[in-house]
Structure formats: structure tokens, C-alpha cells
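Enquirer: One structure is given below, represented as C-alpha cells, and several questions about it will come after.
The values are calculated or read from the model by the stated rules, or taken from the named source; none is laboratory data. In this text the structure is predicted, and so the values were computed from the model without any measurement. Cβ atoms come from the backbone with ideal geometry, glycine included; neighbour counts cover every protein chain shown. In case anyone asks, the SASA skips ligands and DNA or RNA and just uses the protein heavy atoms, side chains included. Shrake-Rupley method; radii C 1.70, N 1.55, O 1.52, S 1.80 Å.
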Amino acid sequence: MQYFPLFVDTHSLPVLVVGAGEVATRKIELLLRTHCQVHVVAPEVSPSVMTLAQRGKLTLSVRPYQTSDLNDAHLVFVATNDAMLNQQISEEAKAQKLLVNVVDAPDLCGFITPSIIDRSPLLIAMSSGGAAPVLLRYLRQKLEAFLPRRISGLAQFADSFREQVKQRFSNVTQRRYFWEEVFDGDIAEQVLKGNPLQAREMMQAKLQNDAPKAQGEVYLVGAGPGDPELLTFRALRLMQKADLVVYDRLVSQDILDMVRRDAEKVYVGKAASNHTLPQEDINQLLVREAKAGKRVVRLKGGDPFIFGRGGEEIEVLLEHNIGFEVVPGITAASGASSYAGIPLTHRDHAQSVVFATGHLKDDSINLDWPALVQKRQTLVFYMGLTGLPVICRELIAHGMPSDMPIALVEQATTEQQQVVTGTLADIQDKAAHIKPPALIIVGTVVTLRDKLNWFKPQGNADADKEQPGS
């Protein structure tokens, strides 16, 4: 971030504004919505600013700027039509280590003012750093329409009960759970409807009846194939509520960035022959943290119930009477095939699809190969890149034509996605550069990629280039 967002306490804060034209007036009117003390200096003053001065809203000096005007200021706003004067004030303010804002001159600014949505005491401030002001206005319009007008009343309502909630719940996590239930439920709805008395009665009853929760819960959440925009609404909501997130190596950084900022994150990723944490230890970690009262999100790439060991983890949770929930995600096969332009089924090519794991054990893959070698069927292998030679060899040995089309999709749905196509006979030579995580798709549906390929990654110039002969 080039600009660090912060909210300044304006109580008795001395602010200098140099200029009193139309642009300066807009800044002054915004400042007067706070508790700061505004001093305006300008040789010429607009009628609006003069009226504000006459009403005692600000202090006005009708004269040219002087360096001594900076002596009592903590913040400085400059809005004159004299570029040389603007630069002079900026340099003098910075020399005195004052924060200065020069309107429409970001290079002269020590800070910039954000776009503000005011639902005091709730404030939302946004900035594009000057890069996209029209986009910023667009987003502000969207948020203005989304936020209820009475949301400020809800913030005031919550403030009036803060001490009672603190006394009722001794621990920060328990208080957060309580407030989440309030904001998600009927009490908040009554406030937003304009029924504060009924909301207060309901709140008092909830405080009397709700007991602190001694045990937390575990949510097995599918993070999808990589693109954060493919997360479900429920997955995102639970990620924002988590106290602890246990995640694997298939969860992208973009998705982790959407987790609640102060949640603890524990990496338990597995790669071939390199298990950061054994599965049994992961199971016990989930149990231990849930029993400690935490809301635990077990974040898995793809879907928890498709080669994600979600069933195994739930069995352990049941043994310990831990509450849980499963949130499905878009599995890697669906995401990879869609973004590669390869439909898994198509009436001219395949009426069935089989998901299989290509994980090697003792240099072999224990699968029912004859069942896999069927006409008009698509095969999808998870975790099969290391075992690719075995997969190709066994499929051919059990009757699949050596010229059967095959595709490898690396880092599917992300800007780093790469796709290589070929045949069972030549794919190994073409795919030497492909790295995990990658998915393998086998079947004549792969030939449709030439027509249906729609995803063009922008972050990887070579991401979608086929290898020679593919």
C-alpha cells in the first residue's frame, strides 16, 4: 500500500485551510462535520465561507498566506489556484513535519482524503490513490445503495450495550460470537426497521439467557480450484468469522487474503513425500482447537469431499462430539476443465466421467484399469503428475488407443494457468515443464479445446501456449 489508511481523532484538532474558493469550500464543509477547529486563510473569500465564518463555524483571516500560519496547525489543506504557492506551502509544511494535502496535486501531498460514506458513528473510507477516481465513485454508489440508512442507529445501539456484554462474557471470542448473532438476527432487524424499544427488550432477554459457549465448531470449507471469485458466499462468510484457519498448499494466497485479518492461520500442506503435518495430527489439531472454544475453518483446495479427506476428519470430530459443517467448493476437475475449455461430458464424445486419484504408492497406482478404459468416457486424475508415466502405460496396456487425447492443466483458474495437450503416447515429452498442482484429463473431449478455449490468463504471457505438436 502506498497510502496507509487511518482515522484521526478530530477533537480540538487545529486544521489550516489555505484558500476559500469553491474547491476549498467543499473541503471546509467536510471538515466542519467533524470536531476539528478550522482556520481559513485567503485574500479572497467565497460567500459560503464568509457565511460560515460569520456563524462562528470557523476562524477566518482575509489576507495572503504567511509561513507563521503553520505554527498552530496539525493538518494542512491547500486549495488555491496558484501552483507555485501550493508547492511553497507543501514544502514548508513538510519541513515542519506537518501532514499536508494539496488538492489535485498528489505529488505535493503528505496524505490524501478518501471517498467517505458517512453513517456516523460508522464511517467507510475508500481510496484508489488517485488511480481510478471514476471507479471509486462507482463503488461508493454501490455501497451507498447497499447500506441501510439506519445502520448508524445499529452502531449506536451496539455502543449502548458494550459494557453489559463485556460483563456478561469475559472473553473476546465469546463476545464476538454474541455480537455476530445479534447483527445476523432479529435484534438488528428491529433496529433497522426503526423499532429500538423492541430491540432493547430482545437484547436484554438475550443477555440474560445466552450462556458462554464452552466448545467451538469446525467448518470444512471448499476453497475451490484457485480463483477467489469462485468461492461460495457461505465459504467467504465463514472465512470472515474464523478464529483459526487450517489450510493446505492448494489454497492460493489470494484466497487466504480473504480470511479474517486477525484469525490465526496454520499451514498443513502436503506434497509428494513431504507432509508438513501428518493427517492424524491435523485431525487432533481440529479437535483440540474446537474444544478450546474456537471457530475453526478447515480450508481445502477444491471440495472437501473429493480427494480432500473431509470424511476422515469428520469421523474424528464425531468421535469427540465436535459440531461441524461442510461447505462444498468447486472441485478441481470442474474448475480446471471449464477454464481449459474442455467439457467433461458432451453428447458427441462422453456420456460419463470418472474421477480418480493418480497418487503413486510403491511406483504403482492401484486402480481398476479395465473399468477406466471404456468408450465415450472422460477420465480425470487428481494428484497424478508424478504418476503420469504409469497412467499412460496402464491405460494403453488395458486397451485405450495410444493416440487418445490428454490434457494437463496446471494451476487451473488462476492467472498462472498453463494447459498442455497431446496424446497418451507423447504427453510425457510435452509436459516436462508442468509442475503441481496439475490435473489430468483423458478423453476425446480434449479435442474440443481448440474451439471452446475462452480463458486467456493475463498474468502469464506463456500460460496458454500449446507445446509444439500439441
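Enquirer: Counting just the residues of the stretch 421-446 that are in contact with a His (Cβ under 8 Å, 6 or more places away or on another chain) and of a type in the set (Val, Ile, Thr), which one comes out surrounded by the fewest Cβ atoms within 10 Å (Cβ to Cβ)? Step through it out loud before you land on a result.
Expert: Within the stretch 421-446, the first condition is being in contact with a His (Cβ under 8 Å, 6 or more places away or on another chain), and the residues that meet it are 443-445.
If we keep only those that are of a type in the set (Val, Ile, Thr) too, we end up with 444-445.
Numbers: Thr444: 17, Val445: 24.
Residue satisfying both the conditions and the ranking: Thr444.
Enquirer: Can I ask one more? Is there a residue being under 35 Å from the mean Cα position of the chain (by Cα) and outside any helix (DSSP H, G or I) anywhere in the stretch 76-85? First the steps, then the outcome.
Expert: Taking the stretch 76-85 as the starting set, the residues that turn out to be under 35 Å from the mean Cα position of the chain (by Cα) are 76-77.
Cutting the leftovers down to outside any helix (DSSP H, G or I) gives us 76-77.
Yes: the stretch 76-85 contains one or more residues that are under 35 Å from the mean Cα position of the chain (by Cα) and outside any helix (DSSP H, G or I).
Enquirer: Only one of (1) closer than 23 Å to Gly129 by Cβ; (2) open to solvent by 90 Å² or more (accessible area, probe 1.4 Å) fails for Val23. Which number is that?
Expert: (2)
Enquirer: Considering only residues that are open to solvent by 40 Å² or more (accessible area, probe 1.4 Å) and either within 27 Å of Met258 (Cα to Cα) or among the acidic types (Asp, Glu) (or both), which ones fall in the stretch 184-209?
Expert: Once the filter is applied, which keeps residues that are open to solvent by 40 Å² or more (accessible area, probe 1.4 Å) and either within 27 Å of Met258 (Cα to Cα) or among the acidic types (Asp, Glu) (or both), the stretch 184-209 yields Asp184, Asp186, Glu189, Glu201.
Enquirer: Still on this structure: For the stretch 225-298, please list each of the helices (runs of 4 or more DSSP H) lying entirely inside it that holds at least 2 residues being open to solvent by 40 Å² or more (accessible area, probe 1.4 Å) and closer than 20 Å to Ala214 by Cα. Write out each step before concluding.
Expert: Numbers: elements: 233-241, 253-256, 279-291.
Per the criteria, 279-291.
Enquirer: Condition first: without any contact (Cβ under 8 Å) to a residue 24 or more places away in the chain and either touching an Asp or Glu at 6+ places or on another chain (Cβ under 9 Å) or not charged (D, E, K, R) (or both). Now tell me which residues in the stretch 106-138 satisfy that. Write out each step before concluding.
Expert: Kept after step one, since they are without any contact (Cβ under 8 Å) to a residue 24 or more places away in the chain, are these residues of the stretch 106-138: 107, 109-110, 124, 126, 128, 131-138.
Correct list: Cys109, Gly110, Ile124, Met126, Ser128, Ala131, Ala132, Pro133, Val134, Leu135, Leu136, Tyr138.
Enquirer: Next question, about the same structure. Within the stretch 340-351, is even one residue of a type in the set (Gly, Ala, Ser), at pLDDT 95 or above and open to solvent by 30 Å² or more (accessible area, probe 1.4 Å)?
Expert: No, the stretch 340-351 contains no residue that is of a type in the set (Gly, Ala, Ser), at pLDDT 95 or above and open to solvent by 30 Å² or more (accessible area, probe 1.4 Å).
Enquirer: Name the pairs whose Cβ atoms lie under 8 Å apart, with the first residue in the stretch 145-162 and β-branched (Val, Ile, Thr), the second open to solvent by 50 Å² or more (accessible area, probe 1.4 Å), and 6 or more positions between them or separate chains?
Expert: If the second residue must be open to solvent by 50 Å² or more (accessible area, probe 1.4 Å), the pairs left are Ile151/Leu122.
Enquirer: Might you check whether a residue that is farther than 30 Å from Arg200 by Cβ, open to solvent by 30 Å² or more (accessible area, probe 1.4 Å) and within 22 Å of the chain's Cα centre (by Cα) occurs anywhere in the stretch 141-149?
Expert: Initially, the stretch 141-149 is screened for residues farther than 30 Å from Arg200 by Cβ, giving 141-142.
From what's left, open to solvent by 30 Å² or more (accessible area, probe 1.4 Å): 141-142.
Right, trim to within 22 Å of the chain's Cα centre (by Cα) and you get 141-142.
Checked the stretch 141-149: at least one residue is farther than 30 Å from Arg200 by Cβ, open to solvent by 30 Å² or more (accessible area, probe 1.4 Å) and within 22 Å of the chain's Cα centre (by Cα).
This table checks each residue for (1) at pLDDT 90 or above; (2) out of contact with any Gly (no Cβ under 7 Å at 6 or more places or on another chain); (3) open to solvent by less than 90 Å² (accessible area, probe 1.4 Å).
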site: Glu92; (1), (2), (3): yes, yes, yes
site: Gln96; (1), (2), (3): yes, yes, yes
site: Val100; (1), (2), (3): yes, no, yes
site: Asp107; (1), (2), (3): yes, yes, no
site: Leu123; (1), (2), (3): yes, yes, yes
site: Tyr138; (1), (2), (3): yes, yes, no
site: Gly153; (1), (2), (3): yes, yes, yes
site: Arg175; (1), (2), (3): yes, yes, yes
site: Phe178; (1), (2), (3): yes, yes, yes
